[in-house]
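See below for the structure under consideration.
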Amino acid sequence: MKSILVIIVFLMAASSVHAARFEELDKPPEGAHKGQMLLGAFATIGVPYGTIINAENNYIRNSTYTFLSNLITKKIMLQHLFFSYGIFYEYMPVDYLGIKVKGRRSSVVQRSQFGSEYQNWTKMLYSDFSFFLGPAVHFTSRRAWDISLTPLVGYALGRYTATPIAAQLIYSYDIPTEFQYFYFYTARRKKRTNNIVVGAELNISMFFTGGFLLSFGCDWNMNMLKFNSKFYISNIQNFSWFFQNKNNSNMHSVCFMLSAGYAFSN
């Protein structure tokens with residue numbers, strides 16, 4: 001299914017680029033205007049937040065881990081980071097307005113914070129593959145620079161793995177792997193969560209001779225997570241339950257975004 005969606009996006013972009021007037025690539029940059037097509041790639045890095053992230057932090061609160069090499073016990077603290085990368089394509093049927101589609105691979109990682117002098121663990125918390133569609137509003141026409149605002153709506157094929165650091169440090173830090181306390185996890189931590197995503201991009205773009213395009217800006221997204229079943233996970237150190245009696249949550253992310261690509265006209 002994922003491969004089919006990727007192929008469709010590339011075919012749409014390729015069919016439009018085929019009609020582009022490549023002889024214009026050596027002309028001075030014209031910026032955003034009617035008939036222009038933008039094709040490129042992007043990457044983002046930022047911070048996730050929301051009730052599900054709060055649940056991860058609350059679950060580990062007041063828990064400790066003992067480093068067996070020196071018998072030092074430290075309080076467990078978490079850090080969450082959001083990463084994504086993908087491709088985009090935009091066509092402008094009129095001045096100041098475009099139609100943008102993009103495919104994105106996203107991930108949220110959870111990391112322990114014991115300090116640089118101690119070992120830290122990094123685990124995957126959430127990952128998805130998503131597609132977006134939305135109108136791109138441009139604030140300039142035929143200039144070498146541009147500011148654009150793009151509200152987006154999409155759909156994500158996601159997977160969530162609850163409490164990955166706790167599973168590593170609380171239940172198995174002093175017990176051989178084959179004897180880990182898996183019975184405290186009375187339900188699977190890994191759950192599929194295909195979900196609707198809404199978001200927005202704010203970009204500052206620069207157009208260069210030869211059709212090269214460079215953009216930077218910020219990106220906000222909200223994943224409407226809905227799990228196929230509830231979590232039943234307990235922390236034996238603080239006697240807390242993870243996300244008790246709930247199976248849905250909104251997860252937000254705010255990111256810095258960098259994009260690069262080419263601008264063509266038809």
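The values are calculated or read from the model by the stated rules, or taken from the named source; none is laboratory data. The structure displayed is predicted, hence computed values, not measured ones. All Cβ positions, even for glycine, are placed from backbone atoms using ideal geometry, and neighbour counts span all protein chains on display.
List of remarks:
- Enumeration of residues in region 122-141 that are exposed (fewer than 14 other Cβ atoms within 10 Å of the Cβ) and not in a strand (DSSP E or B): F139
- Of all positions in region 150-159, none carries a residue that is among the small types (G, A, S) and at pLDDT below 95.
- Some residue of region 97-105 being farther than 30 Å from S265 by Cβ, hydrophobic (A, V, I, L, M, F, W, C) and touching a helix residue (DSSP H, G or I) at 6+ places or on another chain (Cβ under 9 Å): no
- Condition met for S249 (of a type in the set (S, T, Y), out of contact with any Pro (no Cβ under 8 Å at 6 or more places or on another chain) and farther than 22 Å from W145 by Cα): yes
- Restricting region 53-84 to residues that are of a type in the set (F, W, Y) and surrounded by 15 or more Cβ atoms within 10 Å (Cβ to Cβ), the residue that is farthest from the chain's Cα centre (by Cα): Y65
- Candidate set from region 53-71 (those that are touching a residue at least 40 places away in the same chain (Cβ under 8 Å) and among the hydrophobic types (A, V, I, L, M, F, W, C)); member that is nearest to Q244 (Cα to Cα): A55
- Every residue from region 97-146 that is of a type in the set (A, V, I, L, M) and modelled with pLDDT of 95 or more: L97, I99, V101, V108, V109, M124, L125, L133, A136, V137
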